[in-house]
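Data first, discussion second: the structure below is written as C-alpha cells.
The values are calculated or read from the model by the stated rules, or taken from the named source; none is laboratory data. Computed from a predicted structure; not experimentally measured. Don't worry about glycine lacking a Cβ; one is built from the backbone with ideal geometry, like all the others, and counts go over all protein chains shown.
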C-alpha cells in the first residue's frame, strides 16, 4: 500500500506541474493530461482491499497465468502504440515526454492496481 500512496502523490505533483504549463501556455490538451493524472492518482488512492484474490495471475512481476500474459503483452503493445502516435508529430524529446507522461502514468496506475489485486499482496 505504501508504494501506491507514493505513486499517487507523485501523480498529483505531476498534475500541479501540468497546471503550471496550462497557466503559461493555455493549451487545451493540457487539461486532458491533468485529467489523466488525476484519474491515475484516484485509482491508486481508492483501492479496495480484497480478502483473497480470485485468481493469482502474477508471482512478483512475472505472469504465471494466461490472463496475466494477456494483460502484460497488451499493456506493452498499448504503450508502444501510444509512443508511436505521440512521437509522430513531436519536435523534440521534451515534446514527447510532456505528451506521453500522463498516459503512461495512467497505464502504470492500472498496472499496479491489477498487480496488487492479482498477487494477493493486499490481503497480507
- [ ] Please enumerate the residues belonging to segment 6-21 that are touching a helix residue (DSSP H, G or I) at 6+ places or on another chain (Cβ under 7 Å) and under 17 Å from residue 111 (Cα atoms).
- [x] 7, 8, 11
TODO: Determine whether segment 81-95 contains at least one residue that is exposed (fewer than 11 other Cβ atoms within 10 Å of the Cβ), at pLDDT below 85, on the phi < 0 side of the Ramachandran plot and in a helix (DSSP H, G or I).
DONE: yes
TODO: Among the candidates 108, 42, single out the residue that is touching a helix residue (DSSP H, G or I) at 6+ places or on another chain (Cβ under 9 Å) and either in a loop (DSSP other than H, G, I, E, B) or surrounded by 16 or more Cβ atoms within 10 Å (Cβ to Cβ) (or both).
DONE: 108
TODO: Taking residue 78 as the residue in question, decide whether it is out of contact with any strand residue (DSSP E or B) (no Cβ under 7 Å at 6 or more places or on another chain), under 25 Å from residue 19 (Cα atoms) and in a helix (DSSP H, G or I).
DONE: no
Open item on the list: I'm told residue 31 meets every condition in (1) in contact with a strand residue (DSSP E or B) (Cβ under 8 Å, 6 or more places away or on another chain); (2) surrounded by fewer than 15 Cβ atoms within 10 Å (Cβ to Cβ) except one. Can you identify the failing condition by its number?
Closed with: (1)
Open item on the list: As an exercise: evaluate residue 69 against (1) modelled with pLDDT of 85 or more; (2) buried (at least 17 other Cβ atoms within 10 Å of the Cβ); (3) over 17 Å from residue 7 (Cβ atoms) and give the number of the one condition it does not meet.
Closed with: (2)
